[in-house]
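So the structure is just underneath, and the comments pick up after that.
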Amino acid sequence: MATAVSGRERGAQDPTEMPYTGSDTVDEQAQQEEVEDKLKECIDNVLDKSRILYTPRALPCFPSTVSVFSSAKTRQVALENLRLAFSSKMLFDFLLERRLTLTDSLEKCLKKGKGEEQSLAATVLTLLCLQMGSGPEGEEVFRSLKPLLINILTDTSASPISRQSCAVALGMCCYIAAADLEDLISCLTCLEGIFSTSCPEEGNSMPAQHSPLLQTLHCNALQSWSLLLTICPSSYIKKILDNHLLKLPLMLSSDNVNLRITAGETIALLFELARDMEEDNFYEDTDLLCTKLKALATDSNKYRAKTDRRRQRSIFRDVLHFIESGEFHEETIRFGLECMYVDSWVRRRTYDAFKEVLGSGVRHHLQNNELLREIFDLGPPLVLDAAAIKASKISRFEKHLYNSAAFKARTKARSRVRDKRADIL
């Protein structure tokens, strides 16, 4: 997915971050009020139209210098601050009574903004929906802005970065808050229309050529589409298997590494869904598919970046292993005193989607967001006292010892591999 420019690079600051006072006794009520005041100011600034500041005399020939800060820049900074706050804190109670105002503000940004402003507004909308959850409040937010997201996403004259964020927002908001099958199918159809332009035309085995920005858009649309497949009814999955399992393998030849990887992961996801439904003979060219996957899992072409080759090989090894044996390489996600097992392609696609939107705040939301805990079957949030939290934290010295031991073990393992390579040569 497209990565937004960091707000800290633009001068934005998470309004929920408070300066360290050096005192052990912090007035939590006053701190909460200050946080809410900052958030209110950010919400007001999202509607900003103009801002003119007069600075002291800077040049001898002018009594004063007028600095004009565009309203678009003011709104972008406010949106970035809201993005940082929503991704790092749980703010349901605060947002509950302000969701309509904020939704109206985001609608104006999406309608009248350009490029970066639209992109940020779509991201904040996704996070607002995530904060509101899958109840009536989240459904209301999604329903009100769904047509606008689709309009921007399908508008070929719109900014590519705006369309990229709208592709993510449409998939995530639908996943969280879609109330009926009609909403789900309409979003799937829209996303399919976007990424299908990267599929080869009939009679052509090579994917269509597009600019890098459009390839990123197609990648985002395919990721959102595959996310929504995880909540589709079996009857619709059968149609998808018939229509797309022949097309998706052709996207493995794309010159964009992210699109190749996303296509591979989506193929593995479809195989998993088909096997869960106990479908027989749903794909006939398995041998040819495994040959393609093996080539990508062992790709050593020097014209590709080293990091791209490494990531591609790692992911396609997992995809190939799953297609051949049905076994998934399990991953453990640790947060606070808990851990979560990612043990299927459905679970990986879901976790990766939330991680992409929340960034470093995903662990906080896994601990405290009831929506995420319900999605990943984690149960109600744990209630911990200060002593338990303190006991769970390791000291800096213990962390240093652990890292040193891990580094030593990793060095020994790599040395053994290098020795074997030397013997072969």
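If each residue of separation counts as 0.36 nm, what is the full-extension length gain between E28 and R304 once their alpha-carbon separation is subtracted?
94.1 nm
Using the Karplus curve 6.51 cos²θ - 1.76 cosθ + 1.60 with θ = phi - 60°, what ³J(HN,Hα) values do you get for each residue of the stretch 31-45, in whole Hz, with x for Gly and Pro?
Karplus-based 3J(HN,Hα) across the stretch 31-45 equals 5, 5, 5, 5, 4, 5, 4, 5, 5, 4, 5, 5, 5, 5, 5 Hz.
Which entries in K238/K355; K111/K238; K146/K355; K238/K306 show an alpha-carbon gap greater than 27 Å?
Details: K238/K355 29 Å; K111/K238 37 Å; K146/K355 22 Å; K238/K306 38 Å.
Violating the 27 Å limit, Cα to Cα: K238/K355; K111/K238; K238/K306.
Might you work out the accessible area of M251 for me, using a 1.4 Å probe with all protein chains in place, and round it to the nearest 10 Å²?
Its heavy atoms expose roughly 0 Å² to the probe.
With all protein chains present and a 1.4 Å probe, how do R410, R310 order by accessible area, largest first?
I get R310, R410, largest accessible area first.
Charges only on Cβ, +1 for Lys and Arg, -1 for Asp and Glu: so what's the dipole of the stretch 135-281 about the Cα centre, in debye to the nearest 20?
On the way: 8 positive and 18 negative charges, 85 e Å.
For this selection, approximately 400 debye.
Through the Karplus equation 6.51 cos²θ - 1.76 cosθ + 1.60, θ set to phi - 60°, convert the phi angles of the stretch 326-336 into ³J(HN,Hα) values in whole Hz; use x for Gly and Pro.
x, 9, 9, 7, 6, 10, 10, 10, 9, 8, x
Explain nothing, just compute: Karplus ³J(HN,Hα) = 6.51 cos²θ - 1.76 cosθ + 1.60, θ = phi - 60°, for every residue of the stretch 367-374 in order, whole Hz, x for Gly and Pro.
6, 10, 8, 5, 4, 5, 5, 6
What percentage of the solvent-accessible surface of the stretch 71-149, computed with a 1.4 Å probe over protein heavy atoms, is contributed by carbon and sulfur atoms?
Values: 1380 of 2790 Å².
Carbon and sulfur atoms account for 50 percent of the accessible area of the stretch 71-149.
The values are calculated or read from the model by the stated rules, or taken from the named source; none is laboratory data. Quantities reported herein were computed from a predicted structural model and do not represent experimental measurements. Virtual Cβ from ideal backbone geometry, glycine too; neighbours counted across all protein chains shown. Each accessible area value is taken on the protein alone, full model and side chains, heavy atoms only, with ligands, DNA and RNA left out. Shrake-Rupley method; radii C 1.70, N 1.55, O 1.52, S 1.80 Å.
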